[in-house]
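All remarks here apply to the structure that follows.
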Amino acid sequence: MCDRHTDERHSGNPRDDVSLVHDTLAPDESTTEDSIITEAGARKPGEFGRRLKAATQTGSTTRVIVPNKHVARAVHEFTKNPVKAQTDSGAVPYRTLSALRTPAGDRLVRETSTPPATVELPATGGAELTVGTETLRLPGGEASIDADTDLPDGVFIAKDEDGTAEVKLKGGSRKTVATLDSEAELRASYAPIQGWFRPDRLSYRCDITIHYRDPADGDTLCTYTQPERESTAATRATLTAFFEQFSVSVEDHQLEKAEFRSRYRAWLNATNQTRPSAAEFGDALHDAPEIEIIKRGDWVIPDRAWRFPVTYER
């Protein structure tokens, strides 16, 4: 769907034109404050995710403006599953451009001779930062490093010295291992360890509207639409797909009926599929994930955990 909107305040490039977005609102939405994310934020998935997360927490209408339909489709796919990859124990997040910092605001850096750091978000919570063959486990999912933290080889805390250009490198037990004269000297031998985007939704697709520009007219915004809602005829297949995508095998954990059903229905809504009735949901479970009856009408799925320790807020 494309609608022509002309901005009388600007005669040049309309890419930063907020009025274009407000003009796409329905009459009863015209007073709603919008959170607007331009195409610049869509080029780096981690940064885009960070901005998207902040925007959808405001309660305002969130609209994403991208340059063409190809990018709109990419944003659509990202918002349906905002992680880079899935693993047997969790997920690999998209990295952000900013350096990972300790609670005191100091940067984590690595020697440029070491491999780039990788991150995994395990289903059991926290984060695992791996450099070479060593893994640093961060229970809170942030750089919650104290004096007793055993940093991987080649990883240091870079602390700026107040009032000087010096940068001190600290290793385990906060011992200073080197003092560098300047930021340039730091960059010559050390690289920042980038942070990562941790989603607070399993999907953001229901929280945003995506607009792209009509290639024939820069004053026209098109709204990217999802496919028509799919039938529930394949409910068992979709439930199995959901189960495999959003849960992992973990001993001594379990998925409970109420949350499983809530997340499954929210996921169907985000992927533009019709929600099943209670009877259809029950039929789908018949040949789907193994369940354990704990009392009449209630059950759990044992030895499974949610791949993403996040919740829907619909």
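The values are calculated or read from the model by the stated rules, or taken from the named source; none is laboratory data. Fair warning: this is a prediction, and the values are worked out from it, not measured in the lab. Neighbour counts are summed over all protein chains in view; Cβ atoms, including those assigned to glycine, are modelled from backbone coordinates with ideal geometry. Ligands, DNA and RNA are excluded from the accessible area calculation, which covers all protein heavy atoms including side chains. Shrake-Rupley method; radii C 1.70, N 1.55, O 1.52, S 1.80 Å.
Summary table below
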| read-out | value |
| --- | --- |
| Listed peptides 100-108, 169-177 by packing density, highest first (mean Cβ within 10 Å) | 100-108, 169-177 |
| Trypsin sites (Lys or Arg not before Pro) restricted to the stretch 191-253 and DSSP loop, no more than 13 other C-beta within 10 Å | R229 |
| Rounded to whole Hz, the Karplus (6.51, -1.76, 1.60) HN-Hα couplings of the stretch 247-255, x for glycine and proline | 9, 9, 7, 9, 5, 6, 10, 8, 9 |
| Carbon/sulfur fraction of accessible area - the stretch 236-300, other protein chains in place, 1.4 Å, % | 44 |
| Charge context of A305, other residues only, Cβ under 13 angstrom, K/R +1, D/E -1 | -3 |
| Neighbourhood net charge (9 Å Cβ-Cβ; Lys/Arg +1, Asp/Glu -1) for S98 | +1 |
| J(HN,Hα) series, the stretch 50-62, from Karplus relation 6.51 cos²θ - 1.76 cosθ + 1.60, nearest Hz, glycine and proline x | 4, 5, 5, 4, 5, 5, 7, 8, 8, x, 8, 5, 9 |
| ³J(HN,Hα) computed for each position of the stretch 190-199 - Karplus, 6.51 cos²θ - 1.76 cosθ + 1.60, integer Hz, glycine/proline x | 9, 10, x, 8, 6, x, 8, 8, 10, x |
| Cα gyration tensor, the stretch 236-300 - rounded (a/c under 1.5), prolate or oblate | oblate |
| Charge sum, other residues only, whose C-beta stays under 13 Å from T135's C-beta, Lys/Arg counted +1 and Asp/Glu -1 | -4 |
| For the stretch 123-256: accessible area per residue (Å², 1.4 Å) | 50 |
| L136 long-range amide H proximity, modeled H, under 5 Å | L129, T130, V131 |
| Mean separation of Cα contacts under 8 Å, 6 or more apart, over the residue count of the stretch 236-300: relative contact order % | 46 |
| Lysines with Cα under 16 Å of K44, excluding same-chain neighbours fewer than 8 positions away | K53, K84 |
